[in-house]
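Report on the structure given below.
The values are calculated or read from the model by the stated rules, or taken from the named source; none is laboratory data. Only a predicted model underlies this, so the values are computations on that prediction, with no experimental measurement involved. Please note: Cβ atoms are built from the backbone with ideal geometry, for glycine as well, and neighbour counts cover all protein chains shown.
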Amino acid sequence: MLARNIPNDATEEAVRSFFKPFGAFKEMVLTPVPKEGSRRARSVEMTFATPAVAATAFRELHGKTFPGHSDELVPMLAVRDDTRVYVGNVPHKATEADISKYFSSCGAVASVSRLRRGFVVEFASGAAASKSLTLSKTALPDFPPRDIRVEIRRMVLQEDGTPAERARERKPKVFVSGLPEGVAPEAVTAHFGGARAGVLGTRLVAGGTMALVDFDSAENAELALKLDASTIPHEGVPVAIAVAARAPRRLPKTKEASEKKAPARGRGKAREESKEDDKAASGKRRGGRAKKDSVPEEADPCAIFVVGFRDLEAVKGACSAFGEVSSVRLLRSRPPRAGQPITVRCIVKMASAKAASDAAGALEGVIASAPVQGDEAAPEVEVTVHAHLDDPARRRKAAPASASE
C-alpha cells in the first residue's frame, strides 16, 4: 500500500508507530524529504503479509490525518508487476528497437513502450523480468557510456482491486521534415505505407512543413527510417523529405502561432496603460539617458538656446558682447543634407540672468552666415539666429519648430 501527504518533519519511527494499528506489515520504505520549494508530496510504501490486510488498512486510512497536521492521507493499493521492468537513464537517441534488442538476452520481450523519461519493457515471463535486473548499471552498446537503471514496476490498483489506468505511454513514431506546404496528412500516411506498414496516424506540425508519424510497433518505426531522403509527390513535383527517429526539442514557430501569442503579452488595455505609466515615470530620453525627475524643472534664467552660427567660437563671440560667458555646451544634431547650411545648436550659460536676457533679445532674428554642405566653393548663405531663455535639455518636449533647423 502507498500513502501520500506524509509530513516532512515526520521521522521513520513516528510513521511506523502511526501505521502499526492498521495492520502488520513486513517492510516500510519512507521517501526522503523533498527539496525546498518542491510541490512533490512525501509518501510511504508498506508491504503487508496478505492482500486482505492491505485492503483493510486501505479502507481504514481514508479520511485520516497524521497527528499534528491537517492534510488528509491519500492511500493507494499497489502490486508489483513481475513481468514489467522500468529502464531509466538511457541515452537520448536510444529507440524501442535498441532496448528490445539489448534485453532480448534475458528472455522473450513482449513489448517496449517509451515513457517521458525512460522505457517500460514487458517480458513473456516473470523469470525473464527478474533476470533483466542484472543489467542495471550497464551501458547500451553502440552508445556513449551511460549506466542504465532497471527496476521492477509496481501497478497501482483501484478501490475494487482492478488495475488503475496507466499513464499514457508514448507510441513509436518518426519525425518527418521538409514537407511541402499544403500537403495532406493522408498523403504522408500513404507515403509510409499506411495501415499495412503499421502507420496509426500522422500529425502535421510547424505549419504543415513537418509531421509526426505514429506506428504500432518499434520495428515498423525502425523500417520507416529507411525512407530518409526519399521524395513525396506534391502537385506533380517530387519533394525530398528527411526522416529521423526523434523530433528536435524546439519546433519552429509558425506565423499564426506568433500572432495568437502576441496579444497575451499585452494583457489588454490595463497592461498598455501600465506600460505607458512606467515609460513616463522612467523618463527615458533619446539616446538612452534617463531623466532624474518626471516633473519638468524650471528653466535656467542664465541659459539661452542658440542655433544658426557656424561654430562655437562664433556663438561665444556674439554672446560675450552682452556679458561674461560661463560655458557653451554643444547639442547633438543631425548632419546637414546637401544644400543646407552647416550650423550648430548649443546652450550658452551667461554669468547673470540680465546678461542672458539681453543676449536673447538682441540675438533674436540676427542675420548670420554659414557655409553650405556639399559644395565648398558655393557662396555663404544667410541664416537666422534664434535665442530662447528656456533650456530644451531640461524640458520633456522637444524645442518648438521655430528653434529647430
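Kindly indicate whether any position in segment 178-198 is assigned to a strand (DSSP E or B), within 30 Å of Val87 (Cβ to Cβ) and out of contact with any Ser or Thr (no Cβ under 8 Å at 6 or more places or on another chain).
Of the residues in segment 178-198, the ones assigned to a strand (DSSP E or B) are none.
The answer is no, given that none of the residues of segment 178-198 is assigned to a strand (DSSP E or B), within 30 Å of Val87 (Cβ to Cβ) and out of contact with any Ser or Thr (no Cβ under 8 Å at 6 or more places or on another chain).
Evaluate the following for Ser111: is it surrounded by fewer than 17 Cβ atoms within 10 Å (Cβ to Cβ) and either within 30 Å of Phe48 (Cα to Cα) or in the same structural domain as Ala49 (by TED's automatic domain parsing) (or both)?
yes
Can you say whether Gly37 is exposed (fewer than 13 other Cβ atoms within 10 Å of the Cβ), under 30 Å from Asp147 (Cα atoms) and out of contact with any strand residue (DSSP E or B) (no Cβ under 6 Å at 6 or more places or on another chain), as far as the supplied structure shows? Spell out the reasoning first.
Details: exposed (fewer than 13 other Cβ atoms within 10 Å of the Cβ): yes; under 30 Å from Asp147 (Cα atoms): yes; out of contact with any strand residue (DSSP E or B) (no Cβ under 6 Å at 6 or more places or on another chain): yes.
Criteria met by Gly37.
Do any residues in segment 63-89 that are closer than 30 Å to Thr134 by Cβ have Cβ atoms under 6 Å from those of residues that are among the acidic types (Asp, Glu), where the two are at least six apart or on different chains, and which pairs are they?
Cβ pairs passing all conditions: Thr83/Glu122; Arg84/Glu122; Tyr86/Glu151.
Suppose we filter segment 1-33 for residues that are in a loop (DSSP other than H, G, I, E, B), in contact with a Pro (Cβ under 8 Å, 6 or more places away or on another chain) and hydrophobic (A, V, I, L, M, F, W, C); how many remain?
Number satisfying all stated conditions: 1.
If you go through segment 42-71 one residue at a time, how many are surrounded by 14 or more Cβ atoms within 10 Å (Cβ to Cβ) and either of a type in the set (A, V, I, L, M, F, W, C) or touching a helix residue (DSSP H, G or I) at 6+ places or on another chain (Cβ under 8 Å) (or both)?
Matching residues across segment 42-71 total 11.
How many residues are closer than 20 Å to Ala97 by Cβ and crowded, with 21+ Cβ neighbours inside 10 Å if we restrict to segment 174-217?
6
If you take the residues in segment 85-108 that are farther than 22 Å from Ala224 by Cβ and touching a Gly at 6+ places or on another chain (Cβ under 8 Å), which one is surrounded by the most Cβ atoms within 10 Å (Cβ to Cβ)?
Among them, the one singled out is Val87.
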